[in-house]
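The values are calculated or read from the model by the stated rules, or taken from the named source; none is laboratory data. Computed from a prediction, not measured in an experiment: that's the story for all the values here. Neighbour counts run over all protein chains shown; Cβ positions are idealised from the backbone, glycine included.
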Ligand code: UDP
């Protein structure tokens, strides 16, 4: 039994750093690739959005004097670098990835269309959506919400280093407790930092459930697809 037939997996760029301060940790990348291959082998249709925070974020660039739009474009290019790295790691474990870009940049990746994405997913390929939405002032969380809704995914899985959503940041407040389920409205009301508001609102308005879980423990992605309750489900 598979809990979700088609998933959109969001991975943050920062998590690719592993123990490093910057860039890509090959071990973390390989660990993600084998977890992803494992669920693709179960027959799950897997699409992925990856962030770029391990390389560049437009907002932090702007605070150092960069033009915000150019900074965001640099951030989007950072997501392309990560997408190519993940695509290469997926090939290394025997999976068939296809990189689609929100901005034209053949031959690095093909220009995104829903049709191409669905063709690949139905053929058992793993689709990586890169360059976010292609527009500045957005994040890859919003890019993932958008793509999850477009490709009619059953769920958006947000793989993080924390095992779900807590009443407060568990890394700062040891008394924080974890939710098994939470509504979109509770996220706003409690001011929880799960995703940015644009991304959360897109999911809410289009009834896209979000599942937050710890992706850094090998085997966890498979557990989520098997229906094990290891994280937090966000729904209406
Ligand atoms: N970005 C953007 N538009 C998008 C997606 C991303 O401008 O649709 C830029 C933005 O500057 C962002 C950076 O790309 O800071 C990297 O993405 P993000 O911060 O979401 O990465 P993550 O935090 O997941 O590593």
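Selection within the stretch 170-198: residues that are under 22 Å from residue 153 (Cα atoms) and out of contact with any strand residue (DSSP E or B) (no Cβ under 9 Å at 6 or more places or on another chain). The member of this set that is surrounded by the fewest Cβ atoms within 10 Å (Cβ to Cβ) is 185. Filtered by the rule that a residue be touching a residue at least 24 places away in the same chain (Cβ under 8 Å) and surrounded by fewer than 20 Cβ atoms within 10 Å (Cβ to Cβ), the stretch 99-120 gives 103, 105, 108, 114, 118. Which one of these is outside any helix (DSSP H, G or I) and either within 13 Å of the ligand (Cβ to nearest atom) or in contact with a helix residue (DSSP H, G or I) (Cβ under 8 Å, 6 or more places away or on another chain) (or both): 75, 94, 65? 94 is the lone residue from the list that is outside any helix (DSSP H, G or I) and either within 13 Å of the ligand (Cβ to nearest atom) or in contact with a helix residue (DSSP H, G or I) (Cβ under 8 Å, 6 or more places away or on another chain) (or both).
Summed over the stretch 92-109, the residues that are under 19 Å from the mean Cα position of the chain (by Cα) and more than 12 Å from residue 47 (Cβ to Cβ) give a count of 6.
Exactly one residue among 34, 60 is away from the ligand (no atom under 16 Å from the Cβ), farther than 24 Å from residue 119 by Cβ and surrounded by fewer than 24 Cβ atoms within 10 Å (Cβ to Cβ), and that residue is 34. Annotation: residue 52 fulfils all but one of (1) away from the ligand (no atom under 16 Å from the Cβ); (2) surrounded by 21 or more Cβ atoms within 10 Å (Cβ to Cβ); (3) farther than 18 Å from residue 153 by Cβ; the unmet one is (1). Quick one: is residue 127 crowded, with 20+ Cβ neighbours inside 10 Å and modelled with pLDDT of 95 or more? For residue 127, the condition - crowded, with 20+ Cβ neighbours inside 10 Å and modelled with pLDDT of 95 or more - is met.
Screening the stretch 124-236 for strands (runs of 3 or more DSSP E) wholly inside it with 1 or more residues that are within 29 Å of residue 71 (Cα to Cα) and touching a residue at least 40 places away in the same chain (Cβ under 8 Å) returns the ranges 126-130, 155-160, 210-214. Sort out which residues of the stretch 78-91 are over 18 Å from residue 106 (Cα atoms) and either in a loop (DSSP other than H, G, I, E, B) or within 8 Å of the ligand (Cβ to nearest atom) (or both), and write them in order of number. Scanning the stretch 78-91 gives no hits.
Considering the stretch 1-17, the residues that are over 10 Å from the mean Cα position of the chain (by Cα) and assigned to a strand (DSSP E or B) include one that is surrounded by the fewest Cβ atoms within 10 Å (Cβ to Cβ), namely 6. Each residue in the stretch 1-31 was checked for being more than 13 Å from the ligand (Cβ to nearest atom) and within 21 Å of residue 102 (Cβ to Cβ), and 3 of them qualify.
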